[in-house]
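Report on the structure given below.
Any read-out appearing in this document is the output of simple, stated calculations on the displayed coordinates, not a laboratory observation. What you see is a predicted model, and the numbers here were worked out from it, not measured in a lab. Virtual Cβ from ideal backbone geometry, glycine too; neighbours counted across all protein chains shown.
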Amino acid sequence: MIAETVIRNGRVITMARDEAHGYAQALAISQGRLLAVGAGEEIEALVGASTQVLDVGGRAVLPGFIDTHVHLTLTGLGALGPSLYGVRSADEALEFIARQAASAAEGEVIVVYGAAFGELDHPLAFEQYDRVTPRNPLLVSDIGCHACALNGVAWQELNLPAGMPGLVRDPFTGKPNGVLLGPANTRARFHFLNRIDDATRAAALHEAAQMALRVGITTVHALEGGTADGHGWLGERDVDVLLQEQSRLPVRTVVYFQTTDVSRVQKLGLPRIGGCLYVDGAYGEHTAALREPYTDEPTTSGMLYFSDEELRGFVSRAHKAGLQISMHAIGDAAIEQLLGAYEHALLEEPRADHRHRIEHFSLPTARQIEAAARLGVAVAMQPNFAYVPPEGQNDDQIAGLAMLGPARYRRRHPYRRILAAGVLVAGGSDSDAKPFGPLFGIHALVNHPDEDRRLSAHEALSLYTADAARIAFEEKDKGTIEAGKLADLVVLVEDPLRVCPNRLRDIPVAMTMIGGEVAYTHPGWRLPSTPEDRARGGALPVA
């Protein structure tokens with residue numbers, strides 16, 4: 001058989017388990033899949049007159065990266081704006097919001113993304129927001145999505161019950177000040193993000209897909225949507241629009257519907273349910289559920305979003321329906337509750353190789369790691385949250401140390417111990433809370449000063465390739481470079497297994513290929529476009 005495309009003169013890192021750190025030199029592609037992988041002379045035999053030949057000049061060729069934790073619609077909405085990324089003062093934020101309100105139609109909802117509540121002078125009182133947005137409902141979204149702030153117009157429209165958990169109150173008056181956490185935050189997001197029109201949602205998906213391609217991502221696990229039950233925190237239409245756009249997006253998507261409505265997921269024909277379906281909140285808002293109180297806020301241990309009975313009921317229903325379940329659990333109390341619900345469901349109805357997931361798994365105890373391994377629970381983690389800069393801890397880590405105290409803080413993200421226990425771990429970004437960037441996550445793991453978090457480059461790469469494919473039951477099609485698998489590939493300018501470890505995050509992505517088609521090329525590179533180019537092999541880069 002003659003190949004449609006051949007990539008030659010590469011350092012092909014297959015990530016296949018039986019090939020360890022070995023390299024192939026070339027590969028052939030036909031009908032969107034890998035036809036052959038091997039030595040140069042083997043692949044040259046498959047070159048015909050019509051074959052497109054790409055000579056990558058000794059660069060590294062890897063399976064396309066898989067990001068297992070992405071809020072794809074929200075990432076695109078944040079990129080399209082309006083957003084407060086990088087804004088670090090309340091005055092600057094208010095000036096920005098005033099400009100948005102000036103151009104908005106009366107009554108139009110204004111949603112502003114990417115606010116760093118911990119770094120602004122929040123909580124801003126109602127009157128400060130009302131002063132700059134007197135006519136429009138306003139929701140200001142924290143960058144981690146575990147908090148939001150409303151103006152008075154939005155507050156009146158939302159009409160939350162007085163006793164609803166998550167209402168932040170003015171310390172002097174005792175009245176709600178417009179900042180919402182926990183279930184109140186979830187309810188507000190669902191209400192106002194449902195007002196976004198479908199065309200904007202679709203545009204956001206395509207924008208986010210292009211962002212993913214630029215960093216070598218070929219598949220995203222899209223954790224999307226919500227329902228009015230108070231557990232889903234994004235617009236109800238997000239999943240519908242994603243499914244409509246799925247075949248037109250330039251990246252592949254694995255859809256997780258963030259709902260507890262098992263029947264609706266079944267009607268959509270989805271094999272999985274959940275995603276960032278909150279069992280607890282996050283550290284920054286003191287809503288991640290801990291077994292012991294926060295060090296800096298000893299009056300609270302965080303917040304569980306389900307009762308034990310509610311969580312067990314949902315997990316049992318979804319498990320018995322044959323769905324893969326995925327839920328957000330950061331703190332050790334939330335991890336304990338979710339593992340208990342998984343164990344209860346498996347005792348009721350044993351099922352081999354279910355691959356139920358825990359998202360984040362940030363603060364597990366040794367016993368919880370052992371339980372995850374015993375139950376066959378997989379974990380989707382985000383190594384960029386474990387990054388330590390060369391100069392030492394950054395502001396987020398200093399704040400985390402203050403919140404958790406030294407002993408608990410050292411338990412965060414113990415990748416080495418989790419892998420050693422035999423738990424399946426996959427990597428992701430948590431975009432848009434953190435930017436896309438598999439190489440940044442790999443860099444964070446390889447260079448971590450703590451042995452409990454540090455992995456080899458090959459192990460770290462596997463979290464975004466082979467193991468990321470396995471966590472979604474896609475290992476037959478993705479994750480390694482082997483004949484018969486999808487031709488989803490990334491070409492890197494340097495070999496991540498041989499580059500100096502402190503330069504891993506800076507390796508440029510030269511090309512991203514999906515199904516044998518080039519989906520992205522670095523601006524400094526080009527593909528063969530003439531017969532002469534093809535005869536030369538289309539060497540990259542071209543100055």
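A few notes on this one:
- Within the chain, helix-based [θ] at 222 nm, where runs of 4 or more DSSP H residues each add -39,500 (n - 2.57), nearest 500: -9000 deg cm²/dmol
- FRET E, pair residue 135, residue 173, Förster distance 35 Å, beta-carbon r, rounded to 0.05: 0.90
- Of the residues 341, 47, 85, the one whose Cα sits farthest towards the positive end of the charge dipole of the chain is 47 (charges of +1 on Lys and Arg Cβ, -1 on Asp and Glu Cβ, taken about the Cα centre).
- Around residue 334: net Lys/Arg minus Asp/Glu count, Cβ-Cβ under 11 Å: -3
- Here is the list for segment 288-330: trypsin sites (Lys or Arg not before Pro) lying in DSSP coil, each with at most 16 other C-beta atoms within 10 angstrom of its C-beta, are 291.
- Using the Karplus relation 6.51 cos²θ - 1.76 cosθ + 1.60 with θ = phi - 60°, the per-residue 3J(HN,Hα) values for segment 446-451 come to 5, 9, 5, x, 9, 4 Hz, with x marking Gly and Pro.
- Sum of side-chain charges, residue 175 neighbourhood, beta-carbon under 13 Å (Lys, Arg +1; Asp, Glu -1): -1
- Relative to the current alpha-carbon distance between residue 263 and residue 500, full extension at 0.36 nm per residue lengthens the span by 80.3 nm.
- Förster radius 45 Å - calculated FRET efficiency between residue 398 and residue 483 (Cβ-Cβ, nearest 0.05): 0.35
- Values of log10 I(q)/I(0) for the chain across q = 0.09 Å⁻¹ run -0.67, by the Debye formula with one identical scatterer at each alpha carbon and no solvent.
- Ranking of 164, 1, 211 by count of other Cβ atoms within 10 Å, fewest first: 1, 164, 211
- Cα pair distances exceeding 16 angstrom across segment 76-181, given as percent: 54
- For residue 292, no residue has an amide H sitting under 5 Å from its own, ignoring neighbours fewer than 5 places away on the same chain, with H placed 1.01 Å from N.
- With contacts taken as Cα pairs under 8 Å and at least 6 residues apart, segment 76-218 reaches a relative contact order of 23 percent.
- Unit charges at the beta carbon, dipole of the chain: most positive-side option, 247, 36, 449: 36
- When +1 charges are put on Lys and Arg Cβ atoms and -1 charges on Asp and Glu Cβ atoms, the dipole computed for the chain relative to its Cα centre reaches about 760 debye.
- Cα-based convex hull, segment 4-110, per residue volume (Å³, whole number): 218
- Neighbourhood charge, 11 Å Cβ-Cβ cut-off, centred on residue 114 and excluding it, Lys, Arg +1 and Asp, Glu -1: -2
- Set of lysines near residue 485 by C-alpha distance (under 23 Å), chain-local residues within fewer than 8 positions excluded: 476
- Neighbour counts of other Cβ atoms within 10 Å put 299, 512 in the fewest-to-most order 299, 512.
- Virtual spin-label span in nm between residue 247 and residue 365, 7 Å along Cα→Cβ: 5.1
- Exposure proxy for 68, 521: other Cβ atoms within 10 Å of each Cβ, ordered fewest to most, give 521, 68.
- Angle between the chain longest axis and helix 90-102 axis [Cα atoms, degrees, rounded to 10]: 80
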